[in-house]
Amino acid sequence: MTVNDIKKAAVIGCGTMGNGIAQVFATTGYDVRLIDIDQKYLDKAVATIDKSLDRFIKKEKITEEDKKTAMSHIETSTELLDAKDCQIVIEAITEDLDIKLKVWNQLEQACPPETIFASNTSSLPITQLAAATNRPDQFIGMHFMNPVPMMKLVEMIRGIATSDDTTALVTELATKLGKVPVEVQDYPGFIANRILMPMINEAIYAHMEGVGTVEAIDEVMKLGMGHPMGPVTLADFIGLDVCLAILEVMHEGLGDPKYRPCPLLRKMVQAGYLGRKSGRGFYDYTK
């Protein structure tokens, strides 16, 4: 298969990352089948894409006709079997290894042998996910950044069995999507989260230990280090549950105490304070 043979992509999972990935494929001219377990989630995702494209129109980056064309490329389904006629499948479901392995096992049964498999996981081992299929050479990590339509980077994670041909093909596809692919090896946290999450974790430790308020910590990093968003605000944006899950994977996978999740982060997640998506994290988003 060459990149020109890819006409339709399946995106499994229609949350923040999934609908962003679907939007990027659709605006680039690819047909996209967005698949999730419940139609109400899919309807919400399509509405989110619609609003996102409206913002691009206001910024004069696309036209009304561009939006109409992009939306016509998107269809939804609640059946994994409907990925069978897609040349590439990108999984963007919850960061739960057991659930991902189950989904990949089902996709292996549903898709023809030539289909390329990619996971948008932010920290779980690509090698282990690929082992749930009979095509580990055609399995790769394709870690988009949030928000997907705006962020240029895609980490291209090679599992131990990922072939050169698969890496080259998916890298070329990422470039056609308007992204900048960067090849990364399969280690816990890859590059982005291995560097980002310890900073976020340390910021939460600093707050827990009374070094400064969350506002002070964010201001220091924005004004002193030139970061566009402070680490605590960024944690709320990512989702505190997601930050915790990534840190746990890194702590377990690398065995280094420097990745131990801050107890306050764990307590926030236990309380249901997950950040923007729940209305409350280290900041209050209900007002």
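Structure values in brief
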| item | result |
| --- | --- |
| Filter result for Ser163 (touching a residue at least 60 places away in the same chain (Cβ under 8 Å) and either more than 18 Å from Met250 (Cβ to Cβ) or buried (at least 20 other Cβ atoms within 10 Å of the Cβ) (or both)) | no |
| Any hit, region 122-131, residues being modelled with pLDDT under 95 and under 14 Å from Ile21 (Cβ atoms) | yes |
| Strands (runs of 3 or more DSSP E) within region 54-143 that include 3 or more residues hydrophobic (A, V, I, L, M, F, W, C) | 88-91, 116-119 |
| Inter-residue pairs, beta-carbon under 9 Å, first free of Cβ contacts under 8 Å to residues at least 24 places away in the same chain and in region 184-195, second buried (at least 17 other Cβ atoms within 10 Å of the Cβ) and in a loop (DSSP other than H, G, I, E, B), 6+ apart | Ile195/Gly189 |
| From the options Pro231, Pro181, Pro261, residue that is modelled with pLDDT of 95 or more and within 17 Å of the chain's Cα centre (by Cα) | Pro181 |
| Lone unmet requirement of (1) in the same structural domain as Asp96 (by TED's automatic domain parsing); (2) in contact (Cβ under 8 Å) with a residue 12 or more places away in the chain; (3) surrounded by fewer than 16 Cβ atoms within 10 Å (Cβ to Cβ); (4) on the phi < 0 side of the Ramachandran plot for Met199 | (1) |
| Residues of region 166-183 that turn out to be touching a residue at least 40 places away in the same chain (Cβ under 8 Å) and crowded, with 16+ Cβ neighbours inside 10 Å, as a count | 6 |
| Identity of the residue in region 221-275, in contact with an Asp or Glu (Cβ under 7 Å, 6 or more places away or on another chain) and assigned to a loop (DSSP other than H, G, I, E, B), that ends up farthest from Val211 (Cα to Cα) | Leu274 |
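The values are calculated or read from the model by the stated rules, or taken from the named source; none is laboratory data. Just so it is clear, the structure is predicted and the values come from calculations on it, not from any experiment. All Cβ positions, glycine included, derive from the backbone under ideal geometry; neighbour counts span all protein chains shown.
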